[in-house]
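Undergrad: Please read through the structure below; I'll follow up with questions.
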Amino acid sequence: MSEFEPLPAGLPRLINERYEIESLIGRGGMADVYLATDHVLARQVAVKVLRQDTAGNPMVVNRFRREAKAVAGLSHPNIVAVYDTGLLPATDQSAEALPFMVMEYVTGRTLKQVIADGDVDDHHAVELIRGVCSALDHSHSKNVVHRDIKPANVMVTESGHVKLMDFGIAQALDNSATMTQTAAVVGTAQYFSPEQARGEQVDYRTDIYSAGCLFYELLTHKPPFTGDSPVSVAYQHVGEAPVPPSEANPDINPIYDPIVLKVLSKDRDERFQSAGAFADALEDASRGVEFHESTVPTYTMPIYGTHDSTETLYAAEPAPLTNEHPVFATRSEARANDQPGHKTNRGLIVLLTIIALLAVGIASFLVIRSIQADQERKAPVAVPSVLNMSEQDATSLLRNATFNVSVKHEFSDEVDEGNATRTDPVTGQEIAKESTVDLYISDGSEQRTIPKNLENQSETAARDALRQAGLEVGEVSRENSATIPTDWVIGTSPELGAKVKAGSKVDLILSTGQVTVPAATNMSQDEATKALAAEDFQLKVQFIDVETDDHEPGTLFAQDPAAGTDVEQGSLVKISVAKEKPEQTPTPTPTPSPSATVSEDPQDQPSASDDDNGKGNGGNNGNNSNSSNNGRDRTRPTTGPQTE
């Protein structure tokens with residue numbers, strides 16, 4: 001047994017040679033609850049043991065025993081069962097004998113934890129309260145009043161089943177939750193009934209009030225009354241009306257308001273007179289049937305439980321004793337009635353009797369017809385099928401069936417736009433007349449097609465077209481284009497014509513108004529012309545001959561702008577074409593003649609101006625001239641006249 005956690009002093013590990021204590025699983029104000037194994041029936045159980053610090057209080061011990069006795073007499077699937085009870089003898093560590101109960105072990109969450117998790121809608125709340133009310137109906141039929149209905153005393157199993165527990169034991173008094181100062185005030189302040197708060201005698205309708213507080217908290221996530229102390233909360237239960245649930249939580253259907261306000265009535269006679277009636281009203285409301293107080297006063301109080309001695313009781317007036325049959329008179333009376341003086345009275349009595357019988361018959365007929373008419377009015381009606389009808393025809397059909405219609409829209413791939421897709425409640429379901437039926441109209445397929453004509457449109461026009469198609473504009477990017485003007489649409493992502501869901505975002509791709517220059521060198525001029533004039537570029541071209549020895553003649557060796565440069569649409573690209581340099585003819589060096597003489601011809605004589613200019617002329621002849629031209633631009637060689 002060493003694998004189990006240690007136990008407090010005075011608590012044995014094995015109780016009655018049968019229940020082996022494993023671990024502590026719960027702690028209340030007066031008792032602790034342990035997980036144990038029943039070795040006889042091979043099952044897990046919960047063992048509730050009164051704590052040593054409360055075992056010396058006779059009132060606490062009596063309540064503990066009363067709970068064990070009360071719950072042992074109950075057998076219901078919504079009530080935690082009690083299997084066994086007993087008394088742990090006093091020990092050296094515990095001066096008092098400790099009462100214990102062996103109960104059904106339930107796994108799951110308390111309703112307090114369920115509410116804290118916030119995963120309860122109105123339909124789920126009705127299901128949970130139905131389980132609580134079913135348990136209360138059974139306990140009330142056995143004259144057992146719980147007196148402490150609250151979320152912490154309701155378990156919800158892992159399968160969603162409701163279990164009511166902790167009958168007859170209130171928590172220890174503290175300022176946060178409970179009041180147990182006197183025998184007349186028992187329970188939790190936030191779920192008190194007004195009679196509990198006033199210290200009056202309670203009955204089964206106290207539990208019904210507390211169940212109403214529980215349902216209120218399931219709907220609104222807070223109790224109907226809150227305050228700084230139990231006393232302030234109790235005053236509110238006695239003297240203040242609760243805020244209707246639909247006002248405390250706008251998400252709640254107002255159909256529950258009259259039911260909650262009735263179950264939380266200050267006067268217990270104005271509440272539901274059984275937990276089952278409360279649950280039935282909630283289930284009707286969850287199906288759309290509105291709750292109305294009956295116009296004919298009825299008394300449906302079940303015959304169980306104890307009643308306040310101050311309640312007024314009514315009994316039938318006793319009939320006088322007689323030895324005659326109540327219908328037939330004695331012979332002497334009959335003879336007396338036959339006397340002439342009584343004939344007139346007898347005729348009047350007969351007439352009045354006939355009139356009374358007729359009145360009773362007519363009244364009975366009218367009452368029966370009224371009841372039948374009321375039943376016919378309240379009789380549920382099946383929701384007709386409206387599939388594929390137009391909105392107008394479907395609305396008329398539902399209204400003719402006595403329903404109110406609320407039109408809603410949804411996408412549908414099977415039903416044409418503008419026609420009915422379904423109803424809520426569904427076709428064939430029977431609901432009360434004048435209930436509201438949601439009629440759903442098709443908005444067409446949820447798939448939308450991105451318009452194909454967005455290309456070569458302005459950004460503004462594209463945005464409008466997408467909105468009309470039921471789509472939204474996403475990101476905007478830009479790309480080069482040879483044909484699309486600046487900031488006009490090139491394409492989209494997803495691509496034009498693609499099908500997407502309604503409301504999807506479509507990214508726009510706009511033109512920059514520029515083109516990236518392609519490479520146009522190392523090819524023929526025809527090829528370069530075609531490459532630049534291609535549809536993706538549509539650029540102009542100009543070929544420029546450049547004399548060079550670095551490239552073969554006719555080679556396209558350079559371009560301006562260079563390849564990869566972004567330029568405006570229709571720009572001019574200049575391409576350099578290699579051209580062979582012309583051959584340079586060498587200038588011959590003159591050979592001086594031995595017989596040469598200075599010419600006396602005036603034309604052969606240098607003039608003064610020639611001397612001024614001859615600084616270059618004399619040097620332009622011969623090898624000196626050639627050597628001086630080495631290293632200069634040779635693309636345009638110049639050859640001067642030669643003198644013999």
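The values are calculated or read from the model by the stated rules, or taken from the named source; none is laboratory data. From a predicted model like this one, the values you see are computed outputs, not experimental measurements. Ideal geometry is used to build each Cβ from the backbone, glycine not excepted, and the neighbour counts take in all protein chains shown.
Undergrad: Among the numbered criteria (1) closer than 24 Å to residue 499 by Cα; (2) in contact with a Phe, Trp or Tyr (Cβ under 7 Å, 6 or more places away or on another chain); (3) not assigned by TED's automatic domain parsing to the domain that holds residue 503, which single criterion is violated by residue 457?
TA: All conditions pass for residue 457, except number (3).
Undergrad: Something else about it: Would you confirm whether or not the stretch 90-105 contains a residue that is touching a helix residue (DSSP H, G or I) at 6+ places or on another chain (Cβ under 6 Å) and either surrounded by 16 or more Cβ atoms within 10 Å (Cβ to Cβ) or at pLDDT below 85 (or both)?
TA: Yes, the conditions are met somewhere in the stretch 90-105.
Undergrad: Turning to a different aspect of this structure: Only one of (1) surrounded by fewer than 16 Cβ atoms within 10 Å (Cβ to Cβ); (2) modelled with pLDDT under 80; (3) assigned by TED's automatic domain parsing to the domain that holds residue 100; (4) aliphatic (A, V, I, L, M) is not met by residue 25, so which one is it?
TA: (2)
Undergrad: Another question, if that's okay. Which residues, counting only those in the stretch 36-56, are over 19 Å from residue 16 (Cα atoms) and surrounded by fewer than 14 Cβ atoms within 10 Å (Cβ to Cβ)?
TA: 53, 56
Undergrad: Can I ask one more? Looking at 360, 386, which is the one that is surrounded by 12 or more Cβ atoms within 10 Å (Cβ to Cβ) and modelled with pLDDT of 85 or more?
TA: On the way: 360 fails: surrounded by 12 or more Cβ atoms within 10 Å (Cβ to Cβ).
One residue alone meets the criteria, 386.
Undergrad: Criterion first (assigned by TED's automatic domain parsing to the domain that holds residue 123, surrounded by 21 or more Cβ atoms within 10 Å (Cβ to Cβ) and touching a residue at least 12 places away in the same chain (Cβ under 8 Å)) does residue 221 satisfy it? Please lay out each step first, then the result.
TA: Values: assigned by TED's automatic domain parsing to the domain that holds residue 123: yes; surrounded by 21 or more Cβ atoms within 10 Å (Cβ to Cβ): no; touching a residue at least 12 places away in the same chain (Cβ under 8 Å): yes.
No, not satisfied.
Undergrad: Can you pull out every residue in the stretch 52-96 that is small (Gly, Ala, Ser) and under 25 Å from residue 132 (Cβ atoms)? Full working, then the answer.
TA: Step one: list which residues in the stretch 52-96 are small (Gly, Ala, Ser), which gives 55-56, 68, 70, 72-73, 75, 81, 86, 90, 94-95.
68, 70, 72, 73, 75, 81, listed by residue number.
Undergrad: Pull up the stretch 422-464, narrow it to residues that are buried (at least 18 other Cβ atoms within 10 Å of the Cβ) and touching an Asp or Glu at 6+ places or on another chain (Cβ under 6 Å), then point me to the one that is farthest from residue 511 (Cα to Cα).
TA: Ranking the candidates gives 440 first.
Undergrad: Could you tell me whether residue 571 is buried (at least 17 other Cβ atoms within 10 Å of the Cβ), out of contact with any Ser or Thr (no Cβ under 8 Å at 6 or more places or on another chain) and under 21 Å from residue 484 (Cβ atoms)? Give the derivation first.
TA: On the way: buried (at least 17 other Cβ atoms within 10 Å of the Cβ): yes; out of contact with any Ser or Thr (no Cβ under 8 Å at 6 or more places or on another chain): yes; under 21 Å from residue 484 (Cβ atoms): yes.
Criteria met by residue 571.
Undergrad: Residue 593 fails exactly one of the following numbered conditions: (1) at pLDDT 50 or above; (2) in contact with a Gly (Cβ under 9 Å, 6 or more places away or on another chain). What is the number of that condition?
TA: (2)
Undergrad: Additional query: Kindly indicate whether any position in the stretch 504-515 is within 23 Å of residue 449 (Cα to Cα) and not in a strand (DSSP E or B). Working first, answer last.
TA: Taking the stretch 504-515 as the starting set, the residues that turn out to be within 23 Å of residue 449 (Cα to Cα) are 504-511.
Those still in the list that are not in a strand (DSSP E or B) too: 504.
Yes, the stretch 504-515 has at least one match.
Undergrad: Something else now. Here are the criteria: (1) at pLDDT below 90; (2) among the small types (Gly, Ala, Ser); (3) within 16 Å of residue 565 (Cα to Cα). Tell me which single one residue 470 does not satisfy.
TA: Unmet condition: (3).
Undergrad: Inside the stretch 187-246, can you point out the residues that are within 28 Å of residue 163 (Cα to Cα), aliphatic (A, V, I, L, M) and at pLDDT 90 or above?
TA: 208, 211, 214, 218, 219
Undergrad: Check 407, 426 and return the single one that is outside any loop (DSSP other than H, G, I, E, B) and either at negative phi or of a type outside the set (S, T, N, Q) (or both). Show your work before the answer.
TA: Values: 426 fails: outside any loop (DSSP other than H, G, I, E, B).
Selected residue: 407, the only one of 407, 426 that is outside any loop (DSSP other than H, G, I, E, B) and either at negative phi or of a type outside the set (S, T, N, Q) (or both).
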